[in-house]
Each structure stands twice: as structure tokens, then as C-alpha cells.
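Working notes, structure below.
The values are calculated or read from the model by the stated rules, or taken from the named source; none is laboratory data. Every value quoted in this text rests on a predicted model; they were computed, and no experiment measured them. With ideal geometry, Cβ positions are generated from the backbone for all residues, glycine too; neighbour counts draw on all protein chains shown.
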Ligand SMILES: NC(=O)c1ccc[n+]([C@@H]2O[C@H](COP(=O)([O-])OP(=O)(O)OC[C@H]3O[C@@H](n4cnc5c(N)ncnc54)[C@H](OP(=O)(O)O)[C@@H]3O)[C@@H](O)[C@H]2O)c1
């Protein structure tokens, strides 16, 4: 039978992700229970940002008052927290759901809680949370993994937030998270790299940003409308190898990461975007020496 009551959710780790998810759930009528951070001050500030919940500057048995516990701490803390929570609650964990929000890690981190009968899982929103307000959650993929009861609760949370639940195998999580890392933080790395290069050619940071944003937006719009292959432009797409060689020479005066990344990205473009990758890669070999670093 479908459950209609709204459970209370406790938040362990209320930083960028914990605050945003709790705030959105609260806005949709969910009860927020204990909100745990590492100091009384951050816990109070988290409760203010969420608009509900009870602040705790250290782990507390009060989290056991909630039916669902969301762990949104840095990845490296989750295993220890699971051990501490398991010790604090013992058999009281039976029937409760514990989810963490790590993208790369799976439910095995929560094994100490599972041993006491908690339904454990992971729920990762494929979105970037900057800590400034709540990002768009409508239509966002919430990648879910874990035990059936935990997956069921995670789907319920995802749908309540307007997200799209996606099931993923445990083994696929690191590769899945690497994909997200290409799409968001590394995208930013590329934009900042372009900005720095423009600034050395005489642009102010402001002008560089203003110049790059229309280019980036149009590229994404083309990708959305026509797909990656048709949106692909530039010297590697055209096979303008002398231009690629000029780029390489221009980047020689920058720290080596610039030319290495340029060469790696040119090859990756050939691999994932060109209709004949092997042929394009051979052409690129003539103008871009392969790095001897791994
Ligand atoms: N940021 C993103 O874009 C994003 C997106 C999807 C998923 N995630 C995942 O979400 C999780 C949290 O990331 P985040 O960016 O929100 O991290 P964050 O902003 O650094 O927040 C971490 C929170 O955990 C608390 N914390 C740290 N150690 C703790 C401990 N031992 N006990 C209790 N609380 C502890 C911190 O307390 P204080 O407030 O006292 O410092 C803070 O409230 C990670 O697993 C991350 O992989 C992040």
C-alpha cells in the first residue's frame, strides 16, 4: 500500500547539499528533524537556511527520532559517521532509511547501519550546489542505488523535489561520477582557462567573461538542438592542422598543463566527436606530440 504520511527527515551534514535539499523538502511540507553539523554555530545557521529542524553541533541520538536520515557530509566522513550512528542506535535502526548523497560512493559505506536493520542507500542529485540558494532541481536526475526500501524512499524524495529518479548499479557509480565531473567542474576549468588566456591577450576579466558567455551559451544551445556532432566546430572538427599547430606554439609560454590539456582535449574530441576517430587521431599525431607523462 502506498504510504501517504510525510516522514520526518534528519540531516547529518548541512552544508551546500544538505541545506538545499532540506530547504526544498521543507517547502514541500516535509518535517525536518535533527540537523547535525560540526559546531553549534553552523547548525543554527543551517536551521535558519532550511527554515526548520533542530540544530545540533555534534552527532546526537536525536537523529533516531526521524524515519529517514540523509547524510550529506563530505565523502570521507561517511564511513566513520555510519559506525558512530550504528553504535549510538543499535537495534533502533531497524526499519529506518539512511541515505547518503555521495556521487562516487555506494551503500556499502553504510554497512554498519544495515547490519542493525536500516535500509541503506545513496541518492545523488546530478546538480551543482554552490551554497548560494537552492539550484534548479526540477528535472534533475537523482541517481539512486541501494536496498529496495531505501531506493523507494529516495525515489519518493526525488519526485517530491521535482527530480527524475534514475537507478544505477553500485559498480557504475565511480564512472557515473567521473562523467558528472567532466560536465560541471571541468567545464568550469575550461572556461577559466579560456578567460586567463584572453586576459593575457589584453581583455579585462569582465570583458573576457562577456565575450565567452555567448559562445558557451550558443554551443550548449546547438548541442541541445542538434546534438554533439552537428554542434562541433573549430580546427580539430575541420581538420585545420596548421591552426592546431599554431595554438600549440602559442600555449608554449604557459604552464605545461595548458598545452598538455589542449593536446589531450584535441585527441578526446577526435575520439568522441569525429566520425572517423582513428584517422583524425593520426592526423593530430603530426602536430601534437604525445605527452610522455601518464
Ligand atoms: N556540492 C555539490 O555540488 C554536490 C552535488 C551532489 C552531491 N554532493 C555530495 O554531497 C555531499 C556533501 O557535499 P557538500 O558540497 O554539501 O559539502 P559541504 O558544503 O562541505 O558540507 C558538508 C557538511 O557536512 C558537515 N560535516 C562535516 N564533517 C562532519 C561530521 N564528521 N559530522 C557531521 N557533520 C559533518 C559540515 O559541517 P559544518 O557546516 O560545521 O562545516 C557541513 O555542514 C558529498 O558527499 C558530496 O559528494 C555534492
Among the candidates 54, 100, 124, residue that is away from the ligand (no atom under 14 Å from the Cβ) and within 18 Å of residue 21 (Cα to Cα): 54
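Does residue 27 satisfy the criteria of being surrounded by fewer than 16 Cβ atoms within 10 Å (Cβ to Cβ), under 28 Å from residue 168 (Cβ atoms), more than 12 Å from the ligand (Cβ to nearest atom) and in the same structural domain as residue 128 (by TED's automatic domain parsing)?
yes
Can you confirm whether residue 16 is at pLDDT 95 or above, surrounded by fewer than 23 Cβ atoms within 10 Å (Cβ to Cβ), within 14 Å of the ligand (Cβ to nearest atom) and more than 22 Å from the chain's Cα centre (by Cα)?
No; evaluated as a whole, the condition is false for this residue.
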Candidates 229, 147, 209, 159, filtered to the one that is in contact (Cβ under 8 Å) with a residue 12 or more places away in the chain and not assigned by TED's automatic domain parsing to the domain that holds residue 281: 147
Odd one out for residue 160 among (1) within 15 Å of the ligand (Cβ to nearest atom); (2) under 29 Å from residue 45 (Cβ atoms); (3) surrounded by 15 or more Cβ atoms within 10 Å (Cβ to Cβ): (1)
